[in-house]
Amino acid sequence: MGLLKGRVAVVTGAGSGIGRVAAVALAKEGAAVLATDIDEAGLKETADAISAEGGTVETLPQDVTDEAVWDTVMEVAETRLGLPSILVNNAGIAIGGAIPEFSLDDWKKQMSVNVDSVFLGTRAAIRKMHEAGGSIINISSVAGLRGAAGLSAYCASKGAVRLFTKAAAVECARAGWPIRVNSVHPGIIDTPIWQKSITRLGEGMPASPTMPQGANAMDADTLGAQASPMGRPGRPEEVADLIVFLASDKSSYINGQEHVVDGAMTAGG
Ligand code: NAP
């Protein structure tokens, strides 16, 4: 407790899944949290969870693809809570489908939500944090480290997040801005994203370790049991603990790196 006392954190996609649990975990460590999401009902649940633990939270509806809103997000954080020094670029979607049938509209939507948002958020954060410093944590995926059949657009988007993160880290460090930028790569984590995306994952695809036969009919428990050597999906709390560490000064010399939390999914066969 108290690892992040006096800090202000902005968390996107905080109305559900990993974002919600990360927002709660950051608040438990003393950070005041601005939680944003397009899902306003979900945001309210997150705010209630933080308040119930005695934490400090504000909420703001935000579509992370909307460029104009990003400077407002940082201003709102500063006005209501204080100068932000932590940004978790977490909001994301997964659009599955075989390449021959994949539409350009879906490709652009995937890139907009998962990649444009990370650029826009990082830019807004650097503008705000470049003097006092901070930590930017971009949520990528194991799909940003290796390919998966039926997930080409998602893999491309998460791979982009991985390398953008490294470039941003080097740029900040070389410029003398005390901002660290790291990416987090979860494996299969038990969140609602699977219920939203799973029906189209792996459709018409041959089986692979990351996309077993019949994956399109599986929930996160079943898929995690098959795809992870640990035989289960991860819990959002297990990702949130890593996010808290990267947000804190305990990771003060860890910068520009990819941090995998996947139950050994990418460690071997
Ligand atoms: P989730 O439960 O679906 O939460 C994502 C949140 O982001 C939802 O509240 C969603 O709202 C919101 N969102 C979607 N589009 C948005 C937009 N344009 N602007 C603002 N908010 C938006 O998913 P999750 O599993 O926690 O995923 C969080 C992050 O972890 C994502 O980047 C995901 O790619 C990554 N990740 C997840 C897993 C996993 O297995 N769960 C694995 C690797 C990486 P709606 O509900 O209204 O869409």
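The values are calculated or read from the model by the stated rules, or taken from the named source; none is laboratory data. These numbers were taken from a predicted model, which means no experiment stands behind them. Cβ placement follows ideal geometry from the backbone for every residue including glycine, while neighbour counts extend to all protein chains displayed. With ligands, DNA and RNA removed, areas are computed over all heavy atoms of the protein, side chains included. Shrake-Rupley method; radii C 1.70, N 1.55, O 1.52, S 1.80 Å.
Can you pull out every residue in segment 86-137 that is over 20 Å from the mean Cα position of the chain (by Cα) and among the small types (Gly, Ala, Ser)?
Within segment 86-137, GLY97, ALA98, SER103, ALA132, GLY133 meet the criteria.
Hey, does segment 6-24 have a residue that's near the ligand (Cβ under 9 Å from one of its atoms), open to solvent by less than 20 Å² (accessible area, probe 1.4 Å) and of a type in the set (Ser, Thr, Tyr)?
Yes, because at least one residue in segment 6-24 is near the ligand (Cβ under 9 Å from one of its atoms), open to solvent by less than 20 Å² (accessible area, probe 1.4 Å) and of a type in the set (Ser, Thr, Tyr).
Just the residues that are part of a loop (DSSP other than H, G, I, E, B), open to solvent by 60 Å² or more (accessible area, probe 1.4 Å) and of a type in the set (Asp, Glu), please, taken from segment 216-269.
Going through segment 216-269, the residues part of a loop (DSSP other than H, G, I, E, B) turn out to be 218-219, 228-233, 235, 248, 252-257, 262-269.
Adding the requirement that they be open to solvent by 60 Å² or more (accessible area, probe 1.4 Å) leaves 219, 229-230, 232, 235, 252-253, 257, 267, 269.
Result: ASP219, single match.
Consider ASP116 carefully, then state whether it is open to solvent by 10 Å² or more (accessible area, probe 1.4 Å) and more than 9 Å from the ligand (Cβ to nearest atom). Steps first, answer last, please.
On the way: open to solvent by 10 Å² or more (accessible area, probe 1.4 Å): yes; more than 9 Å from the ligand (Cβ to nearest atom): yes.
For ASP116, the condition - open to solvent by 10 Å² or more (accessible area, probe 1.4 Å) and more than 9 Å from the ligand (Cβ to nearest atom) - is met.
Determine which member of the set GLY133, GLY150, GLY144, GLY121 is modelled with pLDDT under 95 and open to solvent by less than 20 Å² (accessible area, probe 1.4 Å).
Values: GLY133 fails: modelled with pLDDT under 95; GLY144 fails: modelled with pLDDT under 95; GLY121 fails: modelled with pLDDT under 95.
That would be GLY150, the only listed residue that is modelled with pLDDT under 95 and open to solvent by less than 20 Å² (accessible area, probe 1.4 Å).
Return the residue satisfying two criteria in turn: it lies in segment 33-69 and is under 16 Å from the mean Cα position of the chain (by Cα) and either assigned to a strand (DSSP E or B) or closer than 18 Å to GLY2 by Cα (or both), and of such residues it is farthest from the ligand (Cβ to nearest atom).
VAL33
Does any residue in segment 64-76 that is surrounded by 19 or more Cβ atoms within 10 Å (Cβ to Cβ) come within less than 7 Å, Cβ to Cβ, of a residue that is β-branched (Val, Ile, Thr) and assigned to a helix (DSSP H, G or I) six or more places away or on a different chain, and which pairs are these?
VAL64/VAL113
Out of the residues in segment 77-108 that are more than 23 Å from ALA32 (Cα to Cα) and within 9 Å of the ligand (Cβ to nearest atom), which is surrounded by the fewest Cβ atoms within 10 Å (Cβ to Cβ)?
The first filter runs over segment 77-108 and keeps only residues more than 23 Å from ALA32 (Cα to Cα), leaving 93-108.
When the remaining residues are screened for being within 9 Å of the ligand (Cβ to nearest atom), the result is 93-94.
Working: ILE93: 15, ALA94: 22.
If we take residues in segment 77-108 being more than 23 Å from ALA32 (Cα to Cα) and within 9 Å of the ligand (Cβ to nearest atom), then ILE93 is surrounded by the fewest Cβ atoms within 10 Å (Cβ to Cβ).
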